[in-house]
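Student: What follows is a structure written as structure tokens; I'll ask about it next.
Read-outs throughout are calculated quantities, based only on the coordinates presented, and are distinct from any laboratory measurement. This is a predicted model, so every value here is computed, not measured. A quick note on method: Cβ atoms are made from the backbone with ideal geometry, for glycine too, and the neighbour counts reach across all protein chains shown.
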2 protein chains.
Amino acid sequence: MNKVTPRILKGFRDYLPSTMLPKQRMLDRIGQVFESFGFAPLATPALEYADILLGKYGDEGNKLLYRFLDNGERDVALRYDLTVPLARVIGMNKSLPLPFKRYQIAPVWRAENPARGRFREFVQCDVDIVGCPDLMADAECLAVGASVLRALGIERFVMRVNHRKLLSALLRRCQIPEGEPALEVLRVLDKLPKIGEPAVRQLLETENHLSQAVIDDIFAFLKLDPKALNDWFADDPEGLQGAKELNTVLQLLADQGLADKVEIDFSIARGLDYYTGMIYETFLLDLESIGSVMSGGRYDKLISMFGGDEIPAVGISLGVDRLFSALIELNLIAEQPSPSQVLVTIFDESCRAQSYAIASRLREAGLPTELYLGLDKLKKQLKQADRNQIPFVVVAGPDELAEGQATVKDLASGTQERIAIEGIADHIKNAINSKR
Amino acid sequence: MNKVTPRILKGFRDYLPSTMLPKQRMLDRIGQVFESFGFAPLATPALEYADILLGKYGDEGNKLLYRFLDNGERDVALRYDLTVPLARVIGMNKSLPLPFKRYQIAPVWRAENPARGRFREFVQCDVDIVGCPDLMADAECLAVGASVLRALGIERFVMRVNHRKLLSALLRRCQIPEGEPALEVLRVLDKLPKIGEPAVRQLLETENHLSQAVIDDIFAFLKLDPKALNDWFADDPEGLQGAKELNTVLQLLADQGLADKVEIDFSIARGLDYYTGMIYETFLLDLESIGSVMSGGRYDKLISMFGGDEIPAVGISLGVDRLFSALIELNLIAEQPSPSQVLVTIFDESCRAQSYAIASRLREAGLPTELYLGLDKLKKQLKQADRNQIPFVVVAGPDELAEGQATVKDLASGTQERIAIEGIADHIKNAINSKR
């Protein structure tokens, strides 16, 4: 076998244990919050027939697909998000009871140009409610998102909401045709937080061929005071409907004590083609520069693209990797190289079986415990605890074992104590609790 | 946007919530057991440069890779297992402290011919110990595997162990050259449980061109009484070394009370090229026909293929999907459509805010609780609980709310009771506990 230089693809990452351990904790916590609202997990394949994904994310999205011919000459692609595969599942399983509340935590792949914070493989955490037209579903997606952020220790965030019907009414008012031309304008507006107003104005002029008057009108709307909304769309029933729905969702969030976490922002556009109703993005007030950490909206027509009747749907997606970076930057998460709370050393071969028994006892008591693997000098064994930040070490030599005891070292305080073997787990648990 | 028929690739599966929910519980439990032994999570990309994976799994493995040119004309492939990416990570991160104990739970892709129980995408759960030559590491991999099976409710299983050094000594004795010819024979022997002795004998004759005498000699060894091992290899130091190591690992497992869970089986060959020491497979005594559910071994030379010195390594991999099927067949897992323990209904719009408050209170008490999304008739709301097997329903109408109460229905018993709102969580928890 030939030697190969180990290397990783550009835009892809390894998560080594010291970062993956807190990330895994975060993912577990997110899943728990989703389940606490009654969302159930769904798993779909990484690979789909390409035509399932094509045409759902705009021309740019089509180009970003990892698409290839498989060994059987099938045209396949890695999933680009978790929403279209969900729509495919609903299309294939007509007998699923509705509303269908699912979550999925899984990687997606996009052949983007890698940049700071932008990767070609990243994890999405999605909740969606399929089959419920009631705006309570929209509000629930925002509420579960807010609960996730709070569960992760984030209180200072804002969910900015808008409505595709308002944007449609705006574009109609500007006499921009429905369909692809309107979607192209929305995709440009979606770049606003990234590239700023002057660049967006320029794109609207050069790419979308809009007049200065129209561009001014668009920006007047983006900065509109929400109170003036009904006047603005006085003659447009779709606009008025959008305004009404937006206010209803705000009220439903206020009913849940979330009034201060949500605000209207007419500049939220969302780049994806399939939204039809409420759309939202979420920003961390202490780290707004990293962009939206959680976004989504209502997409009532996507599922019917896979045949059958229109089925309403609404969802929200967490950008976990971005959120994880934010938590580290905000000191809400610390690196941790090992899950072990205890290292049980091996004094010598004669004591090994009893060390096994002690480790097993500690695990049964719920303490992650690793055993030193070998018969090295105690000093070397202790170094392993130090290196992996394992807070407690158990040393069980022949003298101690003869009395049914072992020595427990607390590496942080430098203290040690001889304890009866059956009391070690409680001793360590008490020490952990008293440090918290 | 054109309508597309929703369909899924052959050999790939969706896990709908009723099966994914228990599967997710199983994966969480497996991760917990891994961490209880001090293994920390590692995440690697789904895609690797093809040459990282090529040549590690034999010619057949090379052909089964999902390999393609990406948009940047890079030759890439989806990972085939979790072991080679681990070796790549070690090769790229020379400063990682050793021993490095990691687990990874993630899908892998193989373009196999789909058959009953054989899929093109399946989840692997691996633990590996890198950088520890001591046989305690081999024993720990088996011990953590045994703990996983027990944590999943399986007591009747057997781990069958063998040693590549014994197989090497056997093939040397049969004058089969080292390297590819020897590996080809091992790959054929690995098929024994699937295709049986006559078919293996025929392959050894027609494909490997072995004489009847040699084939007889091989089968005599495969059926050898372990007690006769030292005699058989009396003149072969590598064979004797393998025998000694095998006995040491058996002793280390006996020290952990696992003597009855492990046995020597010289017919265990493992198809993968990279093993160098102990190899093992695990069978469920009540469902042996599904094949090995957990297997692995020592591979001391793989990591040096990515440059640098040889670094010893040993690991074990759980075939989660196979194990999950087994657990369903053995009635150790039941389908479950929703994680919700409680459905909170909405009596009418005036009661909605208080229903939100009740749901939020139940979630805070640790009860997964979903709220009915809409203002439908109560009968329709109750049907949703029934359909999703949600055991408890809370009804909070104006009369009850005026007294700070709500009605809790136990759908299994058909009973209902009016309870003060602050006592609902405890009431339901007690009812759940009394049913267990």
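Student: What does the structure give for A:348-355 when I average, per residue, the other chain Cβ atoms found within 10 Å of the residue Cβ?
Tutor: Taking all residues of A:348-355 together, the mean is 2.
Student: Fewest Cβ neighbours within 10 Å first, please rank B:Asp376, B:Asp134 accordingly.
Tutor: Ascending Cβ contact count within 10 Å gives the list B:Asp376, B:Asp134.
Student: Let me ask another. Return one quarter of the surface area of the convex hull spanned by the alpha-carbon atoms of region B:95-230, equal to its mean projected area, in nm².
Tutor: Approximately 11.9 nm², given one-decimal rounding.
Student: One-quarter of the Cα convex hull surface for the protein assembly as shown, in nm²?
Tutor: The orientation-averaged projected area of the Cα hull of the protein assembly as shown comes to 39.7 nm².
Student: Please state, as a whole number in µm²/s, the translational diffusion coefficient that the Stokes-Einstein equation yields for region A:313-397 at 37 °C and 0.692 mPa s, with Rh defined as the Kirkwood radius across alpha carbon pairs.
Tutor: It diffuses with D of about 217 µm²/s by this estimate.
Student: Lysine pairs in region B:342-435 with alpha-carbon atoms under 16 Å apart, 8 or more places apart or on different chains: how many are there?
Tutor: 5
Student: Any idea which of B:Leu287, B:Ala87, B:Phe119 is furthest toward the positive side of the dipole for chain B, if Lys and Arg beta-carbons carry +1 and Asp and Glu beta-carbons -1?
Tutor: B:Phe119
Student: Whole Å is fine, so just give me how far the alpha carbon centre of region B:1-45 lies from that of region A:215-229.
Tutor: Region B:1-45 and region A:215-229 have Cα centres spaced 45 Å from each other.
Student: Right, here's the next one. Take every residue in peptide A:100-107, count the Cβ atoms of other chains within 10 Å of its Cβ, and give the average of those counts.
Tutor: 3
Student: Gaussian network model of chain B, Cα springs within a sub-10 Å range: biggest mean-square fluctuation belongs to which of B:Ile279, B:Ile290, B:Ile419?
Tutor: B:Ile419
Student: List the relative contact order of region B:232-300 as a percent without decimals, with contacts defined as Cα pairs under 8 Å and 6+ residues apart.
Tutor: 23 percent
Student: Where does each of B:Lys223, A:Lys379 land when they are ranked from fewest to most other beta-carbon atoms within 10 angstrom?
Tutor: Final ranking by Cβ density, sparse to dense: A:Lys379, B:Lys223.
Student: Another question, if that's okay. Placing a label point 7 Å from Cα toward Cβ, how far apart in nm is B:Asp376 from its equivalents in the other copies, listed shortest first to one decimal?
Tutor: 6.3
Student: Still on this structure: For region B:173-238, which semi-axes, largest first and in whole Å, follow from the square roots of 5 times the eigenvalues of its Cα gyration tensor?
Tutor: Values for region B:173-238, descending: 21, 15, 11 Å.
Student: I want to check the label-to-label distance for B:Glu207 and B:Leu285. Put each point 7 Å from Cα in the C-beta direction and report it in nm to one decimal.
Tutor: Those two pseudo-labels are separated by 3.3 nm.
Student: Taking R0 as 41 Å, what FRET efficiency do you get between A:Glu73 and A:Arg7 from their Cβ-Cβ distance, rounded to the nearest 0.05?
Tutor: 0.85
Student: In degrees, nearest 10, range 0 to 90: what is the angle between the Cα axis of helix B:83-92 and the longest Cα principal axis of chain B?
Tutor: Roughly 80 degrees, rounded to the nearest 10.
Student: Next up: Can you give the direction-averaged projected area of the convex hull of the alpha-carbon atoms in region B:17-329, in nm²?
Tutor: Mean shadow area of the hull around the Cα atoms is 17.0 nm².
Student: Same structure again: If I stretch the segment between A:Glu422 and A:Lys223 completely, what's the gain in nm (0.36 nm per residue apart, minus their alpha carbon distance), one decimal?
Tutor: Taking 0.36 nm per residue and subtracting the Cα distance, the gain is 64.9 nm.
Student: Further question: Would you mind checking B:Lys23/B:Lys261; A:Lys223/A:Lys261; B:Lys165/B:Lys191; A:Lys191/A:Lys244 for any pair whose Cα atoms are more than 22 angstrom apart?
Tutor: B:Lys23/B:Lys261; A:Lys191/A:Lys244
Student: Oh, and also: What ranking of B:Arg156, B:Arg436 emerges when the number of other C-beta atoms within 10 Å of each C-beta is taken as an exposure proxy, fewest first?
Tutor: B:Arg436, B:Arg156
Student: Quick check: Cα centre of region A:150-166 to Cα centre of region A:331-354, how many Å?
Tutor: About 41 Å separates the Cα centre of region A:150-166 from the one of region A:331-354.
Student: Could you give, in nm with one decimal, how far A:Arg150 is from each other copy of that position, shortest first, with labels 7 Å out from Cα toward Cβ?
Tutor: Copy-to-copy label distances for A:Arg150: 4.1 nm.
Student: Points 7 angstrom from Cα along the Cβ direction at A:Arg172 and B:Gln241: gap in nanometres?
Tutor: 8.1 nm
Student: With everything on Cα atoms, drop me the angle between helix A:180-189 and the longest principal axis of chain A, reported from 0 to 90° to the nearest 10.
Tutor: 50 degrees
Student: Which residue in A is nearest the A/B rotation axis when you measure from the C-beta atom, and what is the distance in Å?
Tutor: In chain A, the Cβ lying nearest the symmetry axis toward B is A:Phe68, 2.
Student: So if R0 is 35 Å, what FRET efficiency would B:Lys191 and A:Lys94 give, r being the distance between their Cβ atoms, rounded to the nearest 0.05?
Tutor: 0.25
Student: Assign unit charges at the C-beta atoms only (+1 for Lys and Arg, -1 for Asp and Glu), then state the dipole size of chain A relative to its Cα centre in Debye, rounded to the nearest 20.
Tutor: Approximately 1300 debye in magnitude.
Student: Pairs of alpha-carbon atoms within less than 8 angstrom and 6+ residues apart define the contacts here; what relative contact order does region A:17-329 have, in percent?
Tutor: About 22 percent, as a whole number.
Student: Scale the Cα Rg of region B:342-435 by the rule-of-thumb value 2.2 N^0.38 Å and send over the ratio, two decimals.
Tutor: Normalised Rg, Cα atoms only: 0.96.
Student: So what is the relative contact order for region B:57-191, in percent, with contacts set as C-alpha pairs under 8 Å and at least six apart?
Tutor: 16 percent
Student: List the distances, in nm and shortest first, from the label point of A:Gly179 to the matching label points in every other copy, placing each point 7 Å from Cα along the Cα-to-Cβ direction.
Tutor: Here the equivalent label points are 6.5 nm apart from this one.
Student: Tilt of helix B:424-435 relative to the longest C-alpha principal axis of chain B, in degrees (0 to 90, nearest 10)?
Tutor: 50 degrees
Student: What does the charge count near B:Arg150 come to, summing +1 for each Lys or Arg and -1 for each Asp or Glu among other residues with Cβ under 13 Å from its Cβ?
Tutor: +1
Student: Other chains near A:134-146: what is the mean number of their Cβ atoms within 10 Å of each residue's Cβ?
Tutor: 2
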